[in-house]
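The values are calculated or read from the model by the stated rules, or taken from the named source; none is laboratory data. None of the values given here were measured: they were computed from a predicted structure. When we count neighbours, we look across all protein chains shown, and the Cβ atoms used for this are built from the backbone with ideal geometry, even at glycine. Heavy atoms of the whole protein, side chains included, go into the accessibility calculation; ligands, DNA and RNA do not. Shrake-Rupley method; radii C 1.70, N 1.55, O 1.52, S 1.80 Å.
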Amino acid sequence: MDQTITSVDDLQRLAKRRVPSLFYDYVNSGSWTESTYRRNGEDLARLLFRQRVGVNIAGIDTSSAILGMRAAMPLVLAPAGLTGMLHPDGEILAARAAARIGVPYVLSTVSICSIEDLAAHTKQPFWFQLYIMKDRGFIERLIDRAKAAKCSALVLTMDLPIQGLRYKDIRNGLSVPPRITLSTLAAMISRPRWCAAMLRTQRRTFGNIVGHAEGASDTMRFSEWVGKQFDRTVTWDDVRWIKQRWGGKLVVKGIMDAYDAEEALKAGADAIVVSNHGGRQLDGAPSSISALPGIAAVVAGRAEVLVDGGIRSGQDILRALALGADNVMIGRAYLYGLGAGGEAGVMQCLDIMSRELEATMALCGLTNVRQAGPGTLVNPDFVAPYGGNLR
Ligand SMILES: Cc1cc2nc3c(=O)[nH]c(=O)nc-3n(C[C@H](O)[C@H](O)[C@H](O)COP(=O)(O)O)c2cc1C
């Protein structure tokens, strides 16, 4: 391991130097005032651990089970659109790193690399994330493509019926592939390594969409396209329809309220992800960690509970498990690793988080991730238990 890189923050600094600013900003931002984006991390940092001594912690084990599958850590790489713009062939590299460490990888609908391309270049099954679009024929075909690629779970993201107001992306003129303007050109040529590698790959547009969906042209202004294609009429009936068509494990992502968790369960979710999309959708919403305890209490073991938002260290993973998550998802943490060093950078990120998790478990007197609970923390109630209500 590179000795100058000790934390995810170090990977972030390196990614900032290597990735053109418009794509780095795309990752390192939230919607509107970014208050929810900041709150996700701030609330996690306020949770304090209960130090324990005199406990035999030999044989410490950080492994977990996620949807019945063994994982080396209680962690999943979250779906992220445009991953292949942070690093050429980014989805393939991230999925390979995840497989090597032994954790699931989720491919986004709006990835650069297509489902078929990823399946052809990786050996481990991956999960696929679905956004519901107006063209239901296209959605049916996407589900069938995910089945044909033997994806092991479908993640249905519910918190994007419209796109949050992402002012940084608007200012940067974000599009895929990048439109050549004076400022995007300047951003790109200042990162010659990225440019050279990008010229060597053919993967530079939305692989799952271009050539598969009507009206999806080759160069798309992302937000405009999302505005046209994403379906504002989506309800829980659509989730039931998708569950039936898919027939496999269904994960419903974007739950911030106990009422919605209940609806997701009724619609057939095998797992839910407590998530505010990493602060990229509803600005002014509470942090996802503060929503977790109330929602986990209502779900009460009827489905698996994952949480994401602001998790940047192994300590944050343990904080989330202590407040009721079975497992977590990480987004930006591994994207920084990818921008910093491709496949090796993602592996480094996972390696760092695994060591941090192990060290924190050890000093809290835990030998197994399932032992984490409110008693792992000194102040588990610092967040007024928010979880919405059952209306
Ligand atoms: C650059 C970026 C792109 C994202 N794209 C998607 C996406 O395509 N689909 C989705 O369900 N979530 C998407 N998300 C949200 C992540 O899946 C996840 O919920 C979020 O990143 C968690 O917060 P964290 O980045 O603080 O870990 C994206 C997040 C980021 C940072």
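Per-structure values
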{"quantity": "R0 of 25 Å, Cβ-Cβ distance ALA300-SER35: FRET efficiency to nearest 0.05", "calculated": "0.20"}
{"quantity": "Coordinate range along principal axes, alpha carbons of the chain, Å, largest first", "calculated": "60, 51, 41"}
{"quantity": "Projected-area mean, the stretch 61-172, by convex hull of Cα positions, square nanometres", "calculated": "8.2 nm²"}
{"quantity": "For a label point 7 Å along the Cα-to-beta-carbon line of GLN124, residues of the stretch 294-333 with backbone N under 18 Å", "calculated": "314, 327-333"}
{"quantity": "Candidates GLY227, GLY68, GLY337: whichever shows maximal mean-square fluctuation once the chain is modelled as a Gaussian network with Cα springs under 10 Å", "calculated": "GLY68"}
{"quantity": "Value of relative contact order over the chain, rounded to a whole percent, pairs C-alpha under 8 Å and six or more apart", "calculated": "28 percent"}
{"quantity": "Candidates ALA291, ALA271, ALA216, ranked by Gaussian network fluctuation over the chain, Cα under 10 Å, top entry", "calculated": "ALA216"}
{"quantity": "Stretch gain in nm, segment THR201-ASN368, where the contour uses 0.36 nm per residue and the Cα spacing is subtracted", "calculated": "55.9 nm"}
{"quantity": "Segment LYS168-ALA186, extension gain: residue separation times 0.36 nm, minus the distance between their alpha carbons", "calculated": "4.8 nm"}
{"quantity": "The chain: DSSP helices with Cα axial extent of at least 27 Å and average Kyte-Doolittle hydropathy no lower than 0.0", "calculated": "332-363"}
{"quantity": "Ranked by how many other beta carbons lie within 10 Å on average, peptides 304-316, 112-124, 250-262 from highest", "calculated": "304-316, 250-262, 112-124"}
{"quantity": "Kirkwood-based Rg to Rh ratio, the stretch 90-249, C-alpha trace", "calculated": "0.98"}
{"quantity": "Whole-percent carbon and sulfur share, accessible surface of the stretch 8-380, 1.4 Å", "calculated": "52 percent"}
{"quantity": "For the stretch 1-63: rounded, prolate or oblate by the Cα gyration tensor [a/c cutoff 1.5]", "calculated": "oblate"}
{"quantity": "Cα-projected label distance for TRP241 with PHE382, points at 7 Å along beta-carbon direction, nm", "calculated": "4.5 nm"}
{"quantity": "In nm, spacing of pseudo-spin labels at THR4 and ALA65 (7 Å Cα→C-beta vector)", "calculated": "4.4 nm"}
{"quantity": "Residue-span extension gain [ASP231 to HIS212] - 0.36 nm each, minus C-alpha spacing", "calculated": "5.1 nm"}
{"quantity": "Hits among lysines - C-alpha to C-alpha of LYS228 under 19 Å, sequence gap 8 or more where chains match", "calculated": "LYS134"}
{"quantity": "Accessible solvent surface per residue of the stretch 8-380, calculated while the other protein chains remain in place, 1.4 angstrom probe, Å²", "calculated": "38 Å²"}
{"quantity": "Choice from ARG171, ARG319, ARG96 with maximal GNM fluctuation in the chain (Cα, 10 Å cutoff)", "calculated": "ARG171"}
